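Worksheet: one structure, shown below.
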Amino acid sequence: MNCLLVGLILIIWVFAVIICIDINRFVKREYTIYSDKIDSECSLVLLADLHGKEYGKDNYKLISAIKEINPDIICAAGDMLTARPISIYKRTDKALKFFEYLKDYKVYYGIGNHEYRMKMYTEDYGVAYADYILALKELGITVLENDHAYVDGTGIRIQGLMIDREYYKRFEHHQMKPEYIHNLTGEWKPEDFCIMLAHNPEYFEAYAASGADLTLSGHVHGGIMRLPFLGGVISPRLTLFPKYTGGIYNEGKAQMILSRGLGYHTLPLRIFNPGELIHIRLLPCK
């Protein structure tokens with residue numbers, strides 16, 4: 001019995017050490033995407049699910065890593081802060097301070113479920129969302145609420161997608177059709193290389209069917225805990241071993257790069273699953 005107790009304590013201690021390490025570090029991962037729709041090379045950094053996390057004072061470690069890559073554009077795929085009514089302006093100020101360090105880059109900001117929550121529940125958040133978006137735009141950041149922007153000289157269209165709350169509900173899965181997406185975003189030209197900033201990866205098939213060439217997502221935090229051969233353990237909808245947790249996925253000719261995120265919310269929990277900074281090289285076909 002004493003051996004079992006000692007073993008249990010040792011296991012708990014090991015996991016506690018791993019958690020302390022993994023919530024305070026991030027890794028860089030690189031992907032290369034080729035397309036005959038791309039006119040010239042473009043270097044892109046993908047950020048997702050920062051949730052106000054800081055790596056060093058004023059996030060200098062993360063900022064330094066981004067500047068070392070020196071991307072042409074930065075895409076934020078949502079949940080760059082945690083939406084809680086208490087101290088919401090401290091949270092938005094913290095996010096704005098982070099983006100202020102990146103104001104010399106072309107930054108495109110997609111909306112996650114936490115930003116969406118701030119926008120929809122004005123009885124809890126007042127005008128915090130409107131103030132936050134205005135401040136982002138004053139920094140020169142392009143906020144894409146079901147809107148799009150073109151990257152000059154590349155043939156790349158960046159399309160933001162902000163989906164309804166029902167697509168984030170726990171224990172519920174709602175079907176999404178390409179028509180729903182186009183009702184939000186409008187149609188786009190087939191010759192465009194369309195990058196879809198779609199926070200929730202669960203609907204990748206619908207994004208691909210709508211014509212998105214490359215979907216950039218987050219939301220799942222890598223499945224919180226990752227196990228060998230099994231991958232991420234749990235999704236935000238509280239389903240075990242979800243289909244999409246991190247990495248690159250294919251659906252026909254369409255692709256999705258799913259970030260494991262950079263932060264956490266509610267519980268400081270990441271196991272065998274450090275934060276992730278993604279560098280993507282977009283290249284014309286040879």
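What follows is calculated from the coordinates using simple rules that are stated; it is not laboratory data. Model, not experiment: these values are computed from the prediction. Methodologically, a virtual Cβ is constructed for each residue, glycine included, from the backbone with ideal geometry; neighbour enumeration extends over all protein chains shown.
Applying the Karplus relation 6.51 cos²θ - 1.76 cosθ + 1.60 with θ = phi - 60° to segment 260-271 yields 3J(HN,Hα) values of 7, x, 10, x, 7, 9, 6, 10, x, 9, 8, 10 Hz, where x marks Gly and Pro. Placing +1 on each Lys and Arg Cβ and -1 on each Asp and Glu Cβ, with no other charges, gives segment 127-230 a dipole about its Cα centre of roughly 360 debye. The separation of segment 115-179 from segment 1-29, counted between C-alpha centres, amounts to 37 Å. Between Lys61 and Glu41, the simple label model (points 7 Å from Cα in the Cβ direction) yields a spacing of 3.0 nm. Choose one of Gly252, Pro85, Leu197: the residue whose Cα lies farthest towards the positive end of the charge dipole of the chain (beta-carbon charges +1 Lys, Arg; -1 Asp, Glu; about the Cα centre). Of the candidates, Pro85 comes out farthest on the positive side.
As a length-normalised measure over Cα pairs under 8 Å and 6 or more apart, the relative contact order of the chain settles at 28 percent.
Each peptide in 265-273, 43-51 receives the mean, over its residues, of other Cβ atoms within 10 Å, and ordering these scores from highest gives 43-51, 265-273. Sorting 121-131, 164-174, 254-264, 93-103 by their mean Cβ neighbour count within 10 Å, with the most densely packed peptide first, gives 254-264, 93-103, 121-131, 164-174. Restricting to the chain, what percent of DSSP beta bridges are antiparallel, rounded to 5? Once the DSSP bridges in the chain are tallied, antiparallel ones form about 35 percent.
Our compactness index for the chain, the C-alpha radius of gyration over the empirical 2.2 N^0.38 Å, is 1.01.
Could you calculate the FRET efficiency of Glu145 with Glu54 from 1/(1 + (r/R0)^6), where r is the beta carbon distance between them and R0 is 22 Å, rounded to 0.05?
Working: r = 26 Å, r/R0 = 1.20.
After rounding, the FRET efficiency stands at 0.25.
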